[in-house]
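The values are calculated or read from the model by the stated rules, or taken from the named source; none is laboratory data. A quick note: this is a predicted structure, and the numbers were derived from the prediction, not measured. Virtual Cβ from ideal backbone geometry, glycine too; neighbours counted across all protein chains shown. Surface areas here come from the heavy atoms of the whole protein model, side chains and all, with no ligands, DNA or RNA. Shrake-Rupley method; radii C 1.70, N 1.55, O 1.52, S 1.80 Å.
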Amino acid sequence: MYIVELTYVQSASAIDAQLEAHRQFLDTQYARGLFIASGPKQPRNGGVIIVSGKVSRDELDAILAQDPFQIHALADYRVVTFDPVKFHPQIADLR
């Protein structure tokens, strides 16, 4: 599984201009069963995406390259790979 941390590198107005497109990107990944949760950090200086283990790191990098926030150089991305050894039974199939 992965935790993707986004840190905004552009103004809030630039982020807001691409927010709907970013949310459509997220919706596509949710529909594919790849993203588990996402949302803005507090304070709103970036966001977090939790990604299932159904993709390789290379596949994840290719997916993130399609995010409008990355296409328009609005955010830096940090990907943390982790292997959950304890988890709620409802997410067992997402690993």
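Assorted remarks:
- Pairs with Cβ under 6 Å, 6+ apart, first in the range 29-40 and farther than 15 Å from Y77 by Cβ, second open to solvent by 50 Å² or more (accessible area, probe 1.4 Å) and part of a strand (DSSP E or B): I36/I50; A37/I50
- Residue count for the range 44-81, restricted to those that are hydrophobic (A, V, I, L, M, F, W, C) and touching a strand residue (DSSP E or B) at 6+ places or on another chain (Cβ under 7 Å): 11
- Considering residues of the range 32-50 that are more than 17 Å from Y8 (Cα to Cα) and β-branched (V, I, T) only, the residue surrounded by the fewest Cβ atoms within 10 Å (Cβ to Cβ): I50
- D93, sole failed condition from (1) surrounded by 14 or more Cβ atoms within 10 Å (Cβ to Cβ); (2) out of contact with any strand residue (DSSP E or B) (no Cβ under 7 Å at 6 or more places or on another chain): (1)
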